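A quick write-up on the structure given underneath.
The values are calculated or read from the model by the stated rules, or taken from the named source; none is laboratory data. A quick note: this is a predicted structure, and the numbers were derived from the prediction, not measured. Reconstructed Cβ throughout: ideal geometry from the backbone, glycine too, with neighbour counts over all protein chains shown. Accessible surface is based on the protein model in full, side chains and every heavy atom, while ligands, DNA and RNA are left aside. Shrake-Rupley method; radii C 1.70, N 1.55, O 1.52, S 1.80 Å.
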Amino acid sequence: MNEKPIAFITGATSGIGLETAKLFATHKINLVICGRRRQRLEALKKELSRYTKVFFLEFDVQDKNAVFEAVDSLPEEFSNISILINNAGNAHGLHSIEDGDLDDWEAMMDINVKGLLYVSKAIMPKMIENKFGHIINIGSIAGKEVYPKGNVYCASKYAVDAINQGMRIDLNKYGIRVGAINPGLVETEFSEVRFKGDKEKASDTYEGYQPLRPEDIADIIHFVVTRPYHVNIADLLVLPTAQASATIVNKQK
Ligand code: NDP
Ligand code: 8X3
């Protein structure tokens with residue numbers, strides 16, 4: 001494929017997805033940026049159109065009809081997606097399993113697992129037709145190690161790990177690259193969502209050590225997509241230096 005790549009990034013309105021969109025744009029990768037917050041999508045499109053071609057799609061990954069309608073609505077010049085960054089996702093709540101909230105559980109499974117599947121299902125056919133493409137699934141250390149109160153969020157990210165492996169096996173016959181990037185603690189809006197807008201609790205998560213910045217993960221995503229096509233970075237765990245495991249963080253306070 002000699003034409004400029006087109007990357008489809010879910011969760012581009014904030015955090016890792018936003019920084020990935022910005023970095024890709026400066027490297028002239030054409031973009032389809034996705035999320036639910038329209039104003040942010042509009043502003044980002046305006047900002048990044050200085051560097052590259054940008055189209056935005058506003059949809060909720062939980063709504064399968066909306067996912068397929070959005071992908072079907074792409075204009076011809078944005079339809080040939082060669083890079084899919086399955087990034088949209090979040091944790092909802094942090095409770096011992098017996099205190100878990102059913103709505104939180106459903107949101108995590110519907111967004112992190114089913115949403116990722118819907119988007120992949122909508123994007124894969126073109127990659128299969130082209131026998132070319134790269135899918136990056138954003139997992140987590142929570143998909144490698146279960147931690148106290150992580151229960152259902154961890155389950156959703158273990159599912160992403162399994163889906164990543166399954167996709168790599170099944171799409172191998174089409175020459176499509178599939179890999180996961182699994183970050184540890186990254187300072188984004190993630191904890192604000194997890195703690196339902198409690199900014200103090202959210203910022204406590206990142207106190208006393210240097211967490212990863214979303215730019216750090218964006219940089220790695222860009223590295224991964226720019227390897228020669230015969231190189232597939234299949235599974236990567238990326239931690240802040242201060243973090244040794246899901247539960248061991250060297251906090252200076
Ligand atoms: P943010 O909360 O900053 O960003 C989450 C993004 O996902 C937003 O752009 C949001 O867009 C989008 N999103 C959430 N729900 C939906 C939905 N229902 N439909 C469409 N888009 C949705 O968090 P991060 O950048 O940290 O998270 C990105 C990914 O990284 C997630 O999969 C997360 O699990 C993973 N991760 C994060 C870590 C961290 O410590 N921050 C560590 C390991 C993994 P909008 O609200 O506009 O829809
Ligand atoms: C996000 C990192 O440790 O909060 O996936 O689960 S963690």
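Miscellaneous remarks
- Test: residue in segment 27-35 that is touching a residue at least 60 places away in the same chain (Cβ under 8 Å) and touching a Cys at 6+ places or on another chain (Cβ under 8 Å): no
- Filtered by the rule that a residue be open to solvent by 50 Å² or more (accessible area, probe 1.4 Å), closer than 21 Å to Ile16 by Cα and assigned to a loop (DSSP other than H, G, I, E, B), segment 210-238 gives Gln210, Arg213, Thr226, Arg227, Asn232.
- Verdict on Ala202 being open to solvent by 30 Å² or more (accessible area, probe 1.4 Å) and either in a helix (DSSP H, G or I) or of a type in the set (Ser, Thr, Tyr) (or both): no
- Residues that are within 22 Å of the chain's Cα centre (by Cα) and either away from ligand 1 (no atom under 13 Å from the Cβ) or open to solvent by 70 Å² or more (accessible area, probe 1.4 Å) (or both), drawn from segment 76-103: Phe78, Ser79, Asn80, Ile81, Ser82, Ile83, Leu84, Gly93, Asp103
- Where a residue in segment 63-87 is touching a residue at least 24 places away in the same chain (Cβ under 8 Å) and its partner, wherever it lies, is surrounded by 13 or more Cβ atoms within 10 Å (Cβ to Cβ) and among the small types (Gly, Ala, Ser), with Cβ under 6 Å and at least six apart: Val67/Ala122; Phe68/Ala122; Val71/Ala122; Ser82/Gly133; Ile83/Ala7; Asn87/Gly11; Asn87/Gly17
- Cross-chain or 6+ apart pairs with Cβ under 7 Å, segment 147-158 first and over 14 Å from Ile111 (Cα atoms) and touching a residue at least 40 places away in the same chain (Cβ under 8 Å), then within 12 Å of ligand 1 (Cβ to nearest atom) and in a helix (DSSP H, G or I): Tyr147/Cys154; Gly150/Ala142
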